[in-house]
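Step one of this worksheet: look at the structure below.
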Amino acid sequence: MQLTRSVLYLPASNARAIEKARGLNADAVILDLEDAVAPDAKAAARQAAVEALSAGGFSGRLGVRVNGLDTPWGADDLTALCIHKPAFVVAPKIESPEAVRAVADRLPTDVDLWIMVETPLSVLRLDAIAGAGAPLAALMLGINDFGERMNLVLGADREPLKPWLAAVVAAARGHGLLAIDGVVNATDDADRLRTECLQGRAFGFDGKSLIHPAQIEAANTAFSPSPEEVARAREVVAAFTAADAEGKGAIRVGYRMVERLHLEAAHRLLARHAAASTQPEVGPI
């Protein structure tokens, strides 16, 4: 199982950050060619991303966020990635299934597409966008752009955002995609980071977008199954494995009734636990 608990953005123009990222325990690293790079540095950042892809050495999956196809740089970004291919490409400000396919048509067949959900139109068209088909693999919530365009006032509880958190996860689950929660801008606020990670996990997200290496540990912890969850999942699997459970759709486990759907969920959780347990324990540097 491929984990996406921690998805770290890095400016592709920052060679020092890229080199340090090779020693980080992020499940995925995204070299950013879009928001983190000034217009006059776009070409140099693109070349730096290509060189990083060629060199490799990252412990997690390596992706690239390109500029939109409606910008002067988007088409060249995608062309450059056809030779030294990332594991996935992130497309910003996608607002229609046609926009998904426009990017997908320019990708090599073995590169996944992750898209940013960050405008009012994108959330209003979530089902159609999420159903655009392969190689679409993930929805990433872009909170900064979305919040600004919606004129939201977001506190630590992200109350005005909650309907859209649920909507993004529902669209992702409905179409077999990953769902990645948005960033925490306050990189020195550990409590808010932990709160948002746990909230994202509660809403069903697979992981969280990050903008600083110090945020990796909190995301990895929050989006990994807890010891209590692992114990309950093992109990469910053991109960359905018992001889007297054969052929039954529902059985009693302790003081609760569980069904086959709970067994499937238990297997998924144990698979995530196994994958998390094999990750190298490398901290921020």
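The values are calculated or read from the model by the stated rules, or taken from the named source; none is laboratory data. Fair warning: this is a prediction, and the values are worked out from it, not measured in the lab. Neighbour counts are summed over all protein chains in view; Cβ atoms, including those assigned to glycine, are modelled from backbone coordinates with ideal geometry. The area values use the complete protein model at the heavy-atom level, side chains included, leaving out ligands, DNA and RNA. Shrake-Rupley method; radii C 1.70, N 1.55, O 1.52, S 1.80 Å.
Conditions: (1) modelled with pLDDT under 95; (2) within 24 Å of D40 (Cβ to Cβ); (3) touching a Phe, Trp or Tyr at 6+ places or on another chain (Cβ under 7 Å); (4) not hydrophobic (A, V, I, L, M, F, W, C). H84 meets all but one. Number of the miss?
So the condition that H84 fails would be (3).
Can you give me the number of residues within segment 1-30 that are over 11 Å from R61 (Cα atoms), among the hydrophobic types (A, V, I, L, M, F, W, C) and either surrounded by fewer than 23 Cβ atoms within 10 Å (Cβ to Cβ) or in contact (Cβ under 8 Å) with a residue 40 or more places away in the chain (or both)?
7
Among residues belonging to segment 164-190 that are among the charged types (D, E, K, R) and modelled with pLDDT of 95 or more, point out the one that is surrounded by the fewest Cβ atoms within 10 Å (Cβ to Cβ).
Taking segment 164-190 as the starting set, the residues that turn out to be among the charged types (D, E, K, R) are 173, 181, 188-189.
Keeping just the survivors that are modelled with pLDDT of 95 or more gives 173, 181.
On the way: R173: 13, D181: 30.
Looking at residues that are among the charged types (D, E, K, R) and modelled with pLDDT of 95 or more, I get R173.
Is it the case that segment 100-120 has a residue that's aliphatic (A, V, I, L, M), part of a helix (DSSP H, G or I), open to solvent by 50 Å² or more (accessible area, probe 1.4 Å) and modelled with pLDDT of 95 or more?
Checked segment 100-120: no residue is aliphatic (A, V, I, L, M), part of a helix (DSSP H, G or I), open to solvent by 50 Å² or more (accessible area, probe 1.4 Å) and modelled with pLDDT of 95 or more.
Test E229 against the stated conditions and say whether it is surrounded by fewer than 16 Cβ atoms within 10 Å (Cβ to Cβ), more than 23 Å from D35 (Cβ to Cβ) and touching a residue at least 40 places away in the same chain (Cβ under 8 Å).
The answer is yes for E229.
Out of all the residues in segment 117-174, which are aromatic (F, W, Y) and either more than 24 Å from V64 (Cβ to Cβ) or out of contact with any Pro (no Cβ under 8 Å at 6 or more places or on another chain) (or both)?
W164
Inside segment 78-115, can you point out the residues that are farther than 17 Å from L31 by Cβ and of a type in the set (K, R)?
K93, R101, R106
Just to be sure I understand the filter: pairs with C-beta atoms under 6 Å, separated by 6 or more residues or on different chains, first member in segment 258-276 and under 14 Å from E229 (Cα atoms), second member open to solvent by 90 Å² or more (accessible area, probe 1.4 Å) and hydrophobic (A, V, I, L, M, F, W, C). Which pairs pass?
As it stands, the answer is A271/M1, since those pairs meet every condition given.
Report whether or not P86 is in contact with a helix residue (DSSP H, G or I) (Cβ under 7 Å, 6 or more places away or on another chain) and surrounded by 18 or more Cβ atoms within 10 Å (Cβ to Cβ). Full working, then the answer.
Details: in contact with a helix residue (DSSP H, G or I) (Cβ under 7 Å, 6 or more places away or on another chain): yes; surrounded by 18 or more Cβ atoms within 10 Å (Cβ to Cβ): yes.
So P86 passes the test.
Mind checking which residues of segment 146-163 are hydrophobic (A, V, I, L, M, F, W, C), farther than 25 Å from I94 by Cβ and either in contact with a strand residue (DSSP E or B) (Cβ under 8 Å, 6 or more places away or on another chain) or open to solvent by 60 Å² or more (accessible area, probe 1.4 Å) (or both)?
V153
For segment 178-190, check the following and say yes or no: at least one residue is part of a strand (DSSP E or B) and in contact (Cβ under 8 Å) with a residue 60 or more places away in the chain.
Yes: one or more hits.
Just to be sure before I move on: is T79 in a loop (DSSP other than H, G, I, E, B) and among the hydroxyl-bearing types (S, T, Y) in the structure I sent?
no
Would you check which residues across segment 33-68 are in contact with a helix residue (DSSP H, G or I) (Cβ under 8 Å, 6 or more places away or on another chain), part of a strand (DSSP E or B) and open to solvent by 10 Å² or more (accessible area, probe 1.4 Å) and list them?
Residue satisfying the conditions is L62 alone.
Evaluate segment 124-131: report whether one residue or more is assigned to a loop (DSSP other than H, G, I, E, B), free of Cβ contacts under 8 Å to residues at least 40 places away in the same chain, over 20 Å from the mean Cα position of the chain (by Cα) and surrounded by fewer than 20 Cβ atoms within 10 Å (Cβ to Cβ).
Our first condition is that a residue be assigned to a loop (DSSP other than H, G, I, E, B); within segment 124-131, this holds for 125, 131.
Restricting the remaining residues to those that are free of Cβ contacts under 8 Å to residues at least 40 places away in the same chain gives 125.
With over 20 Å from the mean Cα position of the chain (by Cα) added as a condition, the list becomes none.
Checked segment 124-131: no residue is assigned to a loop (DSSP other than H, G, I, E, B), free of Cβ contacts under 8 Å to residues at least 40 places away in the same chain, over 20 Å from the mean Cα position of the chain (by Cα) and surrounded by fewer than 20 Cβ atoms within 10 Å (Cβ to Cβ).
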